[in-house]
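Asks: Dumping the structure here so I can ask a few things about it.
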Amino acid sequence: MSVPDTNGRYYLLPMLDMWTDVFASPGWRTTGTQAGNFVVTPPGWNGDTPSGMTRIDAPTPYVWIVGRTKTDGPPDYDAVHKIQAGYKITALSQNYSPPTVTIDPSVDMKTPPKVQVDTMPAEKYFAYAAELLKAISPHITDQPIIAQLKKIGFEPGKSFELEKANPAIRKALESAPEDAQQLMAWKLPTLARVANGWSMNTDTMDVYGNYYLKRAIIAQIGLGANLPEDAIYPINLSESLSTEQTNTRSISTRRGRLPQTPSGQSPSMTIKASKFQIPSIGLLSVVGCRSSTMRTDRSICISRTKVPALTRKRTGFPPQKPRSTWSCGSMPQGRRRSPGNGTRRALRACLCRA
């Protein structure tokens with residue numbers, strides 16, 4: 001993997017293994033902004049690292065890189081695009097030829113992957129998991145849970161057919177997907193330290209160890225999350241606006257409570273709801289150094305309001321059913337208001353140095 005010299009611009013290229021652990025995070029904070037070359041090697045690779053390259057050992061044979069590059073808005077896009085064009089992945093061997101890929105027509109390419117997993121029946125889920133474990137080895141610290149799984153006939157390296165399992169085991173596993181989703185929903189409010197109605201996920205993020213429940217919850221609500229040194233993911237546990245409420249409400253941070261950022265950098269906030277970024281706010285979903293709501297004392301205010309369909313159409317929002325949206329606003333310093341009462345929702349805000 002090659003990265004260009006970003007001339008001091010913040011960028012981040014976190015690498016996740018197939019267990020969603022971040023095992024490397026090249027970028028401004030760790031490796032600097034000079035040009036660099038990284039050799040990402042699979043398990044068991046014993047080759048020589050070429051001079052001038054930094055070796056990164058991947059725990060699994062497949063790696064997911066989620067790149068982020070700081071931008072200061074549309075006038076800055078050309079400069080960012082030039083940097084992005086400098087991000088390259090090439091094979092280390094000059095004799096490498098891409099493998100022949102056969103498209104499997106049975107794979108559903110229309111239904112979002114998350115929906116497919118959430119609705120996957122138990123027999124398909126466990127059979128698929130067993131096949132994946134043939135290529136993706138468990139962590140060495142997974143021995144206790146692997147030993148328990150063997151008791152029900154689920155063993156790494158072997159296929160699993162639920163219909164061949166003991167009737168009692170089959171019945172228990174058939175209800176596992178629904179039970180697990182209920183468990184995740186129950187655990188979410190107490191998943192991390194809570195401060196002022198926000199669940200502050202700063203512990204065991206992206207290096208989960210044997211905290212399987214948290215790994216599953218983060219995969220459910222924010223797959224691809226960063227290390228806490230690079231981003232924090234507070235989850236708002238307050239009630240959302242009900243359909244009867246039409247007034248604007250605001251959330252404001254206290255003076256100096258925004259996370260410290262590198263010199264010359266400003267934090268940004270990405271608002272997410274219903275587990276993923278709110279689709280109806282467009283560019284307003286990112287609040288950062290370009291926002292007039294950033295105060296000199298490093299506090300920030302975000303206003304939340306119901307936008308009528310007519311107003312949304314006139315302002316460029318798609319003509320959809322009324323929903324809660326967020327926009328930039330102002331509030332006298334020292335005042336704090338949280339979202340009003342209404343239907344329970346977890347509103348997730350990602351404060352990133354981007």
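Every number here is computed from the coordinates shown, using simple stated rules; none is lab data. Since we're looking at a predicted model, the values are computed, not measured. Neighbour counts run over all protein chains shown; Cβ positions are idealised from the backbone, glycine included.
Asks: Rounded, prolate or oblate: which fits region 113-174, taking a ≥ b ≥ c as square roots of the Cα gyration tensor eigenvalues, rounded meaning a/c under 1.5, else prolate when a/b beats b/c?
Replies: On the way: a/c = 1.82, a/b = 1.13, b/c = 1.61.
The shape class here is oblate.
Asks: Sort region 2-85 into rounded, prolate or oblate with this rule: let a ≥ b ≥ c be the square roots of the eigenvalues of the Cα gyration tensor; rounded if a/c is under 1.5, and if a/c is not under 1.5, prolate when a/b is larger than b/c, oblate otherwise.
Replies: Numbers: a/c = 2.74, a/b = 1.72, b/c = 1.60.
Taking the square roots of the gyration eigenvalues as a ≥ b ≥ c, region 2-85 is prolate.
Asks: Quickly rank 77-85, 40-48, 195-203, 3-11 as a protection proxy: mean count of other C-beta atoms within 10 Å, highest first.
Replies: Details: 77-85: 13.1, 40-48: 11.3, 195-203: 15.9, 3-11: 17.6.
Descending packing order for the listed peptides: 3-11, 195-203, 77-85, 40-48.
Asks: Also, quick follow-up: What is the spin-label model distance, in nm, from SER93 to LEU188 if the labels are put 7 Å beyond Cα along the C-beta direction?
Replies: The modelled label-to-label distance comes out at 4.6 nm.
Asks: Let me ask something else. Using Cβ counts within 10 Å as a stand-in for footprinting exposure, how do LEU12, LEU183 rank, fewest first?
Replies: Working: LEU12 22, LEU183 14.
Fewest-to-most Cβ neighbours within 10 Å comes out as LEU183, LEU12.
Asks: If the chain between ASP118 and LYS150 were fully stretched, how many nm would it gain, using 0.36 nm times the residue separation less the Cα-Cα distance?
Replies: Working: separation 32, 0.36 × 32 = 11.52 nm, distance 2.46 nm.
Result for the pair: 9.1 nm of gain on full extension.
Asks: I've got another one for you. Would you pull out the residues with amide H under 5 Å of ASP5's amide H, same chain only if 5 or more places away, H placed 1.01 Å from N?
Replies: For ASP5, whose amide H was placed from the backbone, the distant partners under 5 Å are ALA35.
Asks: For VAL39, which sequence-distant residues (separation of 5 or more, or a different chain) have an amide H within less than 5 Å of its own amide H, given hydrogens modelled in the peptide plane?
Replies: The list, which skips near neighbours in sequence, is THR54, ARG55, ILE56.
Asks: Using r as the Cβ-Cβ distance of ASN46 and LYS171, and R0 as 51 Å, what FRET efficiency do you calculate, to the nearest 0.05? Show your work: numbers first, answer last.
Replies: Values: r = 47 Å, r/R0 = 0.92.
So the FRET efficiency works out to roughly 0.60.
Asks: What is the fewest-to-most order of THR71, THR204, THR190 by other Cβ atoms lying within 10 Å of their Cβ? If you can, show how the numbers build up before the last one.
Replies: Working: THR71 21, THR204 16, THR190 10.
Exposure proxy ranking, most exposed first: THR190, THR204, THR71.
Asks: Got a sec to turn the phi values of region 53-61 into Karplus ³J(HN,Hα) couplings, 6.51 cos²θ - 1.76 cosθ + 1.60 with θ = phi - 60°, whole Hz, x for Gly and Pro?
Replies: Once rounded to whole Hz, the list reads 10, 9, 7, 10, 7, 8, x, 10, x.
Asks: Using a 7 Å offset from Cα along Cα-Cβ at THR141, what residues in region 37-76 end up with backbone N under 17 Å from the label point?
Replies: Label zone hits: 59-60.
Asks: Kindly identify region 64-119 as rounded, prolate or oblate by the Cα gyration tensor criterion: order the square roots of the eigenvalues as a ≥ b ≥ c, call it rounded if a/c is under 1.5, otherwise compare a/b with b/c, prolate if a/b is larger, else oblate.
Replies: Numbers: a/c = 3.09, a/b = 1.28, b/c = 2.43.
Cα axes put region 64-119 in the oblate bin.
Asks: Taking amide H positions as placed in the peptide plane 1.01 Å from N, state which residues far from ILE232 in sequence (5 or more) or on other chains have amide H under 5 Å from it.
Replies: Distant-sequence amide H within range of ILE232: LEU351.
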